[in-house]
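Novice: One structure, as C-alpha cells, below. Some questions next.
The values are calculated or read from the model by the stated rules, or taken from the named source; none is laboratory data. It should be emphasised that the depicted structure is a prediction, and the values quoted were computed from it without experimental measurement. Here the Cβ positions follow ideal geometry from the backbone for every residue, glycine too, while neighbour counts run over all protein chains shown.
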C-alpha cells in the first residue's frame, strides 16, 4: 500500500527545492514519490541517455525513507525522432502529416511524435524503456512502474489519427485475423471486396457505421497491444516490481470527441489481462465529483483489474489551474475522503498530483498539495494524521477486501463505438452506465462492472443492469441469455442489441431479447411525459429520454407501465430467470435530471433478484446533493465498515443484518473511539456521529 505524491516533471521543480521538499514530504505522512522519466528529456541526443537528475532524486528519496514510483513517459518523444526515423509522422484522416510540437503541459519533448507502428520508432522507444529499467530496477526504494501515463498517444495531433500506411496495414491485418480472410470480412460486412487494398478505415462520424466501428475497435486493440509491448519489454528486465498503466478516465468514461474516437486509449480489462494492474486519474474538485462519482471511478478500475493492483495514479493535490481560470480549492476534509474512499473501494496505491504548484504553461499556479490556494497547512495536518493511522493499521488495511458484488453493470464497448460513429461522442453510453453505477453507490449496493468480452464475471451475480447496450456481440448475447436461464435477472433499456458489431440494424423480431422473452418493440415513438410504473409495491414515476419504444407482449410477461402502442416497462421470464425491459433510456434521463424514483427502481430490481443488504441506512434519507455512503468488507476475518457523512449531517443510524458482526465492540480507526451496536430481533443497530473529516472506519475490536 502506497500513499504518495508526484514530484518531478523535468526540469521542475528546480534542484534548489529538492532536499527540503523531500524532508517535508516525509514529515507530511506520505511514503512515496512519483517521478516522470521523459524519453525526450533523457535521450535528447540520439544514443546518449542522461539520468543524472533522476539518480539524485531516487537517492534523496532513499535517504528520507521514501519509496519511488517511476513513470516512463515514452510518449513525450525526442525532437530528433523524425530526423532519425524519416517518414514516421502520424497522418490524419485527411491525409495530412502531423506536425509535432511541445505538449501543452510539458516543457521539453514533442507530441504526438512518431507513429509506434513504424518499427524504427518502436525500436528506439523500447530501447529507452529498457535503459531506464536497467538503471533503476535494483534501487532499494523502488515501489513499482507506471509504464504509460494517461495512455496518451495522439495528444495535439489536431485531427483523427493515425492513417499512415503502416497503421492501415495493421488494421487490415487485424481484420484478416478477426474474420478469417477477405471472404469472412465480406460475409460479416455484407460487402464484395476483391482485394485488401480496397478495405479502408472509417474517415469521419455520421458515415457508414461498419468501417467506423471496426476502426474504433482496432484503435482500442492497438492501444491494448502497445501497453502489453511496453510491459513485456520492462518486465523481461524487472520481474520483481509491479508494472501498471493508467488512463485519465476509466475506459467506461472514454466518450471520445472530434479528435478522439471512443475508447481509443485502450480497454482497462485488456490491460489487466496482461499487466500487473491498472489505474486512473481523478481530479474531483476540478470535475465536480461527489463521493458517488469518485467511488464509481475506483469501482470501474477495480472491476477491470480482476483481482490485480488498483492504482489511483493521479488524485488532485491542490486547486486546479488551466490557463487563467479559477477553480475550487481543495480543502482537507475533501482530500481525506478521497483517500479513504479509495481504500474502501480496494485501491492499493494513491498518488497525488502534485507536491508543488506547477510553474509551466497553462497549469502554472495549480495542483500543489503545498500550493497557494489557502488550504495547504490544513491539508498537511490532515495528511500527517492519515499517515499515522495508516502506519498503525497497515496490516489490517492491506488485508482488506471489499464485499463481493451482488449486482453487475454491463460495459459494452461495441455500443460506445456505435454511438461515436454516429455522433462523434459516446456521451449517451457513458451517461447510461454512470447512472446505474452511481445509483448503486448511492444505495450502498455492492456491484461490479462487467465488460462484454469478460463475462465470466457474471458468475455469482444476482442481477445484471444493461444500460444502452444497443450493439452487442453474439457471444455476449448467448452468455447473458444463459445467465438468465440459470436464474439471473437482467435490466435492459430500449433497443438492446438492435445493432450487430458491424453496425447493421436488426429488426425487432430478430433481436435476442425478442427470441428469449417473447417481447418485441413496435418502433420508435416521440417522448410523452413520465412513465408511471407499478413496481415493488410502489408507484414509480420514471423519466424517459431520447425516445419511447413500446413493446408488444406475448405469453406470460407482466406489464408494469403502459403506452397507447404497447408496454413501456415489462417483466418477462425465461428459464429460471427474468428481465425488466424498458422502452426508453432511464439512465440517461436520470443523469439529465436526478429523481429518487430511478434509484428506487434500481434498488427494488436488486431486491427482487434476491439481494438483501448487509447494512441498511435508517437515517438520514438521501437527497439529490447529500447521501450517507457506506462500503464494507473483510480484513483478516474482521468486518470493516467505511461510513462517509454528507456535508451538514452529523448523525446517522445503521442497521446490520443478524450475524454480520462477530464481535460486540467496534473501533473507529479515524477517531479512536469504541462503540457497541444495539442488538435487535433482526440483527443490530448503531447510532453513529460524524467525527474528524466526516468519516468513520469501523472495525471489529
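Novice: Would you check if residue 415 is touching a strand residue (DSSP E or B) at 6+ places or on another chain (Cβ under 7 Å), surrounded by 22 or more Cβ atoms within 10 Å (Cβ to Cβ), in contact (Cβ under 8 Å) with a residue 40 or more places away in the chain and in the same structural domain as residue 481 (by TED's automatic domain parsing)?
Specialist: Criteria met by residue 415.
Novice: Right, here's the next one. Please give the number of the condition residue 664 fails out of (1) touching a residue at least 12 places away in the same chain (Cβ under 8 Å); (2) part of a loop (DSSP other than H, G, I, E, B); (3) under 32 Å from the mean Cα position of the chain (by Cα).
Specialist: Answer for residue 664: the failing condition is (3).
Novice: Right, here's the next one. Filter the stretch 239-270 down to the residues that are surrounded by fewer than 24 Cβ atoms within 10 Å (Cβ to Cβ), under 30 Å from residue 139 (Cβ atoms) and out of contact with any helix residue (DSSP H, G or I) (no Cβ under 8 Å at 6 or more places or on another chain) and list them by number.
Specialist: Residues satisfying the conditions are 239, 240, 241, 242, 248.
Novice: Now a separate question. Counting residues that are touching a residue at least 40 places away in the same chain (Cβ under 8 Å) and closer than 18 Å to residue 577 by Cα, which strands (runs of 3 or more DSSP E) fully inside the stretch 482-562 reach at least 1?
Specialist: Strands (runs of 3 or more DSSP E) meeting the threshold: 489-492, 519-521, 531-535.
Novice: Follow-up question, since we're still on this one. Just to be sure I understand, how many residues within the stretch 484-528 are farther than 21 Å from residue 428 by Cα and either loosely packed, with under 15 Cβ neighbours inside 10 Å or outside the structural domain of residue 466 (by TED's automatic domain parsing) (or both)?
Specialist: Number satisfying all stated conditions: 7.
Novice: With 152, 135, 124 as the choices, which residue is at pLDDT 95 or above, under 30 Å from residue 348 (Cα atoms), part of a helix (DSSP H, G or I) and in the same structural domain as residue 364 (by TED's automatic domain parsing)?
Specialist: Among 152, 135, 124, only 135 is at pLDDT 95 or above, under 30 Å from residue 348 (Cα atoms), part of a helix (DSSP H, G or I) and in the same structural domain as residue 364 (by TED's automatic domain parsing).
Novice: Of 291, 224, which residue is surrounded by 18 or more Cβ atoms within 10 Å (Cβ to Cβ), over 23 Å from residue 162 (Cα atoms), touching a residue at least 40 places away in the same chain (Cβ under 8 Å) and under 25 Å from the mean Cα position of the chain (by Cα)?
Specialist: Exactly one of 291, 224 is surrounded by 18 or more Cβ atoms within 10 Å (Cβ to Cβ), over 23 Å from residue 162 (Cα atoms), touching a residue at least 40 places away in the same chain (Cβ under 8 Å) and under 25 Å from the mean Cα position of the chain (by Cα), namely 291.
Novice: Can you pull out the residues in the stretch 595-624 that are part of a loop (DSSP other than H, G, I, E, B) and touching a residue at least 40 places away in the same chain (Cβ under 8 Å)?
Specialist: 595, 609, 610, 611, 612, 613, 614, 622
Novice: Given 408, 368, 387, which one is under 22 Å from residue 282 (Cβ atoms) and buried (at least 21 other Cβ atoms within 10 Å of the Cβ)?
Specialist: Among 408, 368, 387, only 368 is under 22 Å from residue 282 (Cβ atoms) and buried (at least 21 other Cβ atoms within 10 Å of the Cβ).
Residues are listed down the side, and each one gets a yes or a no for (1) in the same structural domain as residue 39 (by TED's automatic domain parsing); (2) within 16 Å of residue 422 (Cα to Cα); (3) under 27 Å from the mean Cα position of the chain (by Cα):
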site	(1), (2), (3)
194	no, no, no
211	yes, yes, yes
220	yes, no, yes
239	yes, no, yes
247	yes, no, yes
258	yes, yes, yes
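Novice: Still on this structure, I have one more. List the pairs whose first member sits in the stretch 1-17 and is free of Cβ contacts under 8 Å to residues at least 24 places away in the same chain, whose second member is part of a loop (DSSP other than H, G, I, E, B) and loosely packed, with under 15 Cβ neighbours inside 10 Å, and whose Cβ atoms are under 8 Å apart, counting only residues at least 6 apart or on separate chains?
Specialist: Correct list of pairs: empty, since none qualify.
Novice: Kindly evaluate residue 422 against the criterion of being in contact with a helix residue (DSSP H, G or I) (Cβ under 8 Å, 6 or more places away or on another chain) and farther than 20 Å from residue 304 by Cα.
Specialist: So residue 422 passes the test.
Novice: Any idea how many residues of the stretch 1-24 are assigned to a helix (DSSP H, G or I) and within 29 Å of the chain's Cα centre (by Cα)?
Specialist: 0
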